[in-house]
Amino acid sequence: MKISASILSADLLNLERDLKEAIDGGIDLIHLDVMDGHFVPNLTFGIPVGKSVRKRFDIPIESHLMISNPDRYIEEYSSFSEYVTIHWESAVQVSRVLQKIKEKGIKAGVAINPSTEVDSIEGILDRVDYVLVMTVNPGFSGQKMIKDALGKIDILRGIREKQNLNFEIGVDGGINRDNIKEVITHGPDIIVSASAIFNGKIKENINFLRNAMSVSVNGSGNS
Ligand code: DX5
Ligand code: ZN
(Lines give C-alpha, C1' and ligand atoms only; values in the text may rest on other atoms or scores of the structure.)
(Ligands and ions follow the chains in the order given, each with its own letter.)
Protein backbone atom coordinates (compact mmCIF):
# COMPACT_ATOMS: atom_id res chain seq x y z
CA MET A 1 0.00 0.00 0.00
CA LYS A 2 1.32 3.40 -1.00
CA ILE A 3 1.12 6.75 0.78
CA SER A 4 0.60 9.82 -1.37
CA ALA A 5 1.23 13.22 0.21
CA SER A 6 -0.92 16.13 -0.91
CA ILE A 7 1.07 19.34 -0.72
CA LEU A 8 -2.14 21.30 -0.13
CA SER A 9 -1.39 21.27 3.62
CA ALA A 10 2.37 21.77 3.29
CA ASP A 11 4.00 25.07 4.18
CA LEU A 12 4.15 26.37 0.63
CA LEU A 13 6.90 28.86 1.46
CA ASN A 14 8.93 25.91 2.66
CA LEU A 15 7.70 23.33 0.21
CA GLU A 16 11.14 21.95 -0.52
CA ARG A 17 11.83 21.43 3.20
CA ASP A 18 8.43 19.82 3.86
CA LEU A 19 8.63 17.53 0.83
CA LYS A 20 12.14 16.47 1.70
CA GLU A 21 11.00 15.52 5.18
CA ALA A 22 7.99 13.64 3.78
CA ILE A 23 10.16 11.75 1.30
CA ASP A 24 12.70 10.89 4.00
CA GLY A 25 9.74 9.76 6.09
CA GLY A 26 8.81 7.25 3.40
CA ILE A 27 6.00 8.62 1.23
CA ASP A 28 5.61 6.89 -2.15
CA LEU A 29 3.99 9.63 -4.21
CA ILE A 30 3.45 13.38 -4.28
CA HIS A 31 -0.18 14.39 -4.82
CA LEU A 32 -0.74 17.72 -6.55
CA ASP A 33 -4.23 19.11 -5.95
CA VAL A 34 -4.91 21.38 -8.90
CA MET A 35 -8.03 23.56 -8.49
CA ASP A 36 -9.40 26.18 -10.86
CA GLY A 37 -11.98 28.14 -8.83
CA HIS A 38 -14.61 26.90 -11.28
CA PHE A 39 -14.98 23.14 -11.04
CA VAL A 40 -14.33 23.53 -7.30
CA PRO A 41 -14.71 26.62 -5.11
CA ASN A 42 -10.99 27.05 -4.49
CA LEU A 43 -7.83 27.93 -6.40
CA THR A 44 -4.49 26.32 -5.75
CA PHE A 45 -1.40 25.81 -7.89
CA GLY A 46 -0.63 24.26 -11.23
CA ILE A 47 1.93 23.70 -13.94
CA PRO A 48 4.85 25.89 -12.69
CA VAL A 49 4.70 24.38 -9.20
CA GLY A 50 4.51 20.86 -10.61
CA LYS A 51 7.50 21.47 -12.86
CA SER A 52 9.53 22.88 -9.95
CA VAL A 53 8.72 19.87 -7.77
CA ARG A 54 9.73 17.55 -10.62
CA LYS A 55 13.06 19.30 -11.07
CA ARG A 56 13.93 18.92 -7.41
CA PHE A 57 12.52 15.44 -6.54
CA ASP A 58 12.47 12.07 -8.31
CA ILE A 59 9.51 10.33 -6.71
CA PRO A 60 6.31 9.90 -8.74
CA ILE A 61 3.88 12.79 -8.94
CA GLU A 62 0.14 12.31 -9.29
CA SER A 63 -1.69 15.35 -10.58
CA HIS A 64 -5.29 15.42 -9.39
CA LEU A 65 -7.01 17.84 -11.76
CA MET A 66 -10.08 19.42 -10.17
CA ILE A 67 -10.61 21.67 -13.16
CA SER A 68 -13.33 22.16 -15.74
CA ASN A 69 -11.36 21.68 -18.93
CA PRO A 70 -8.69 19.10 -18.14
CA ASP A 71 -8.40 18.21 -21.84
CA ARG A 72 -6.65 21.55 -22.49
CA TYR A 73 -3.81 20.84 -20.10
CA ILE A 74 -2.93 17.16 -20.56
CA GLU A 75 0.20 17.94 -22.52
CA GLU A 76 1.62 20.11 -19.74
CA TYR A 77 0.65 17.94 -16.78
CA SER A 78 1.91 14.80 -18.48
CA SER A 79 5.32 16.40 -18.86
CA PHE A 80 6.06 16.12 -15.13
CA SER A 81 3.53 13.57 -13.76
CA GLU A 82 3.48 9.78 -13.53
CA TYR A 83 -0.30 9.84 -13.04
CA VAL A 84 -2.81 12.38 -14.32
CA THR A 85 -6.28 12.04 -12.81
CA ILE A 86 -9.35 13.83 -14.12
CA HIS A 87 -12.83 14.00 -12.64
CA TRP A 88 -15.72 12.01 -14.02
CA GLU A 89 -17.90 15.04 -13.17
CA SER A 90 -15.79 17.52 -15.15
CA ALA A 91 -18.20 17.44 -18.10
CA VAL A 92 -15.67 16.44 -20.72
CA GLN A 93 -15.47 13.32 -22.84
CA VAL A 94 -13.67 11.49 -20.10
CA SER A 95 -12.82 8.46 -22.19
CA ARG A 96 -11.16 10.58 -24.88
CA VAL A 97 -9.13 12.55 -22.35
CA LEU A 98 -8.03 9.34 -20.62
CA GLN A 99 -6.84 8.07 -23.97
CA LYS A 100 -4.87 11.28 -24.48
CA ILE A 101 -3.19 10.77 -21.08
CA LYS A 102 -2.34 7.16 -21.90
CA GLU A 103 -0.80 8.18 -25.19
CA LYS A 104 1.68 10.22 -23.16
CA GLY A 105 2.90 6.96 -21.65
CA ILE A 106 1.73 7.73 -18.11
CA LYS A 107 -1.07 6.43 -15.91
CA ALA A 108 -4.56 7.70 -16.61
CA GLY A 109 -6.80 8.15 -13.59
CA VAL A 110 -10.44 8.97 -13.02
CA ALA A 111 -11.70 10.50 -9.76
CA ILE A 112 -15.28 10.22 -8.51
CA ASN A 113 -16.97 12.59 -6.08
CA PRO A 114 -18.70 11.17 -2.99
CA SER A 115 -22.10 11.45 -4.72
CA THR A 116 -21.01 9.61 -7.89
CA GLU A 117 -21.61 5.85 -7.87
CA VAL A 118 -19.21 3.30 -9.31
CA ASP A 119 -21.89 2.34 -11.88
CA SER A 120 -21.22 5.62 -13.69
CA ILE A 121 -17.63 4.67 -14.51
CA GLU A 122 -18.04 0.93 -14.94
CA GLY A 123 -17.92 1.21 -18.72
CA ILE A 124 -14.48 2.81 -18.71
CA LEU A 125 -12.75 0.73 -16.05
CA ASP A 126 -10.97 -1.33 -18.69
CA ARG A 127 -9.35 1.90 -19.91
CA VAL A 128 -8.10 3.38 -16.63
CA ASP A 129 -4.95 2.77 -14.63
CA TYR A 130 -6.19 4.44 -11.49
CA VAL A 131 -9.51 5.19 -9.80
CA LEU A 132 -9.49 7.85 -7.11
CA VAL A 133 -12.39 7.49 -4.67
CA MET A 134 -13.08 10.89 -3.11
CA THR A 135 -14.18 10.73 0.50
CA VAL A 136 -14.75 14.50 0.71
CA ASN A 137 -16.27 16.90 -1.78
CA PRO A 138 -13.23 18.19 -3.62
CA GLY A 139 -12.06 21.71 -2.85
CA PHE A 140 -10.28 21.81 0.47
CA SER A 141 -8.00 19.87 2.75
CA GLY A 142 -8.90 19.26 6.37
CA GLN A 143 -12.55 18.31 5.77
CA LYS A 144 -14.44 15.56 7.60
CA MET A 145 -14.51 12.23 5.83
CA ILE A 146 -17.76 11.10 4.17
CA LYS A 147 -17.50 7.48 5.24
CA ASP A 148 -20.36 6.23 3.06
CA ALA A 149 -18.01 6.60 0.09
CA LEU A 150 -15.57 4.00 1.44
CA GLY A 151 -17.78 1.14 0.26
CA LYS A 152 -16.91 2.08 -3.32
CA ILE A 153 -13.40 0.75 -2.75
CA ASP A 154 -14.87 -2.71 -2.08
CA ILE A 155 -17.10 -2.51 -5.14
CA LEU A 156 -14.13 -1.50 -7.32
CA ARG A 157 -11.99 -4.31 -5.95
CA GLY A 158 -14.78 -6.75 -6.75
CA ILE A 159 -15.07 -5.54 -10.35
CA ARG A 160 -11.30 -5.56 -10.78
CA GLU A 161 -11.07 -9.14 -9.67
CA LYS A 162 -14.09 -10.38 -11.60
CA GLN A 163 -13.07 -8.73 -14.85
CA ASN A 164 -9.38 -9.35 -14.37
CA LEU A 165 -8.48 -5.66 -14.62
CA ASN A 166 -5.39 -3.88 -13.34
CA PHE A 167 -6.28 -0.40 -12.17
CA GLU A 168 -5.06 0.87 -8.80
CA ILE A 169 -7.55 2.25 -6.28
CA GLY A 170 -6.80 5.41 -4.32
CA VAL A 171 -8.77 7.06 -1.54
CA ASP A 172 -8.61 10.80 -0.98
CA GLY A 173 -10.05 13.09 1.67
CA GLY A 174 -10.44 13.32 5.42
CA ILE A 175 -8.07 10.50 6.32
CA ASN A 176 -6.74 10.95 9.85
CA ARG A 177 -5.31 9.04 12.80
CA ASP A 178 -8.77 8.05 14.01
CA ASN A 179 -10.08 6.56 10.79
CA ILE A 180 -6.97 5.21 9.02
CA LYS A 181 -7.51 1.65 10.25
CA GLU A 182 -11.08 1.64 9.05
CA VAL A 183 -9.98 2.99 5.64
CA ILE A 184 -7.37 0.25 5.32
CA THR A 185 -9.89 -2.52 5.94
CA HIS A 186 -11.44 -1.62 2.56
CA GLY A 187 -8.15 -2.49 0.84
CA PRO A 188 -7.16 0.60 -1.19
CA ASP A 189 -3.78 0.61 -2.98
CA ILE A 190 -3.04 4.28 -2.40
CA ILE A 191 -3.88 6.48 0.58
CA VAL A 192 -3.87 10.22 -0.13
CA SER A 193 -3.52 12.68 2.71
CA ALA A 194 -2.74 16.36 3.17
CA SER A 195 -3.45 17.43 6.74
CA ALA A 196 -2.66 14.10 8.45
CA ILE A 197 0.83 14.31 6.91
CA PHE A 198 1.77 17.99 6.88
CA ASN A 199 0.02 19.34 9.98
CA GLY A 200 2.44 18.85 12.85
CA LYS A 201 5.51 16.63 12.73
CA ILE A 202 5.72 15.21 9.24
CA LYS A 203 7.88 12.13 9.85
CA GLU A 204 5.99 11.21 12.98
CA ASN A 205 2.70 11.53 11.09
CA ILE A 206 3.89 9.26 8.29
CA ASN A 207 5.15 6.70 10.80
CA PHE A 208 1.79 6.72 12.50
CA LEU A 209 -0.04 6.09 9.21
CA ARG A 210 2.42 3.36 8.18
CA ASN A 211 2.11 1.57 11.51
CA ALA A 212 -1.66 1.74 11.47
CA MET A 213 -1.59 0.36 7.94
CA SER A 214 0.60 -2.61 8.74
CA VAL A 215 -1.36 -3.45 11.90
CA SER A 216 -4.65 -3.35 10.00
CA VAL A 217 -3.37 -5.31 7.06
CA ASN A 218 -1.90 -8.00 9.28
CA GLY A 219 -4.95 -7.93 11.53
CA SER A 220 -7.36 -8.41 8.65
CA GLY A 221 -5.27 -11.16 7.11
CA ASN A 222 -4.67 -9.32 3.80
CA SER A 223 -1.27 -9.26 2.19
C1 DX5 B 1 -9.54 17.63 -1.77
C2 DX5 B 1 -8.22 17.15 -2.28
C3 DX5 B 1 -7.54 16.25 -1.31
C4 DX5 B 1 -7.14 16.99 -0.05
C5 DX5 B 1 -6.94 16.02 1.07
O6 DX5 B 1 -10.15 18.43 -2.71
O7 DX5 B 1 -8.39 16.43 -3.47
O8 DX5 B 1 -6.40 15.64 -1.91
O9 DX5 B 1 -5.98 17.73 -0.22
O10 DX5 B 1 -6.79 16.74 2.25
P11 DX5 B 1 -7.01 16.04 3.66
O12 DX5 B 1 -6.17 14.82 3.68
O13 DX5 B 1 -6.57 17.10 4.64
O14 DX5 B 1 -8.48 15.75 3.75
ZN1 ZN C 1 -6.61 15.26 -4.16
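The values are calculated or read from the model by the stated rules, or taken from the named source; none is laboratory data. Not measured: the values here are computed from a predicted model. Please note that ligands, DNA and RNA were not included when accessible areas were found on the heavy atoms of the full protein model with its side chains. Shrake-Rupley method; radii C 1.70, N 1.55, O 1.52, S 1.80 Å.
Close amide-amide hydrogen proximity is noted between Ala111 and Ile86, His87, Trp88, Leu132, each under 5 Å apart and 5 or more residues distant or on a separate chain (H modeled in the peptide plane; Pro and chain starts excluded).
For Lys100, the lysines whose Cα comes closer than 28 Å to its Cα, not counting residues fewer than 8 places off in the same chain, are Lys2, Lys51, Lys55, Lys152, Lys162. By a straight-distance test (C-alpha under 20 Å), which aspartates and glutamates pair with Lys144 as possible cross-link partners, with residues fewer than eight away in the same chain excluded? Result set, ordered by chain and number: Asp33, Glu117, Asp172, Asp178, Glu182.
Extension gain for Arg160-Glu75 works out to 27.7 nm (0.36 nm per residue, less the C-alpha to C-alpha distance).
Rg/Rh, computed from the Cα trace of the chain with Rh as the Kirkwood radius, has the value 0.93.
Annotation: extensible slack from Glu204 through Lys55 equals 51.0 nm (criterion: 0.36 nm per residue apart, minus Cα-Cα distance).
The translational diffusion coefficient of the stretch 143-223, from Stokes-Einstein at 4 °C and 1.567 mPa s with a Kirkwood hydrodynamic radius over alpha carbon pairs, comes to 97 µm²/s.
In this structure the chain gives 45 Å² per residue of accessible area when probed at 1.4 Å with all protein chains present.
By DSSP, the beta bridges lying fully in the chain are antiparallel in about 5 percent of cases.
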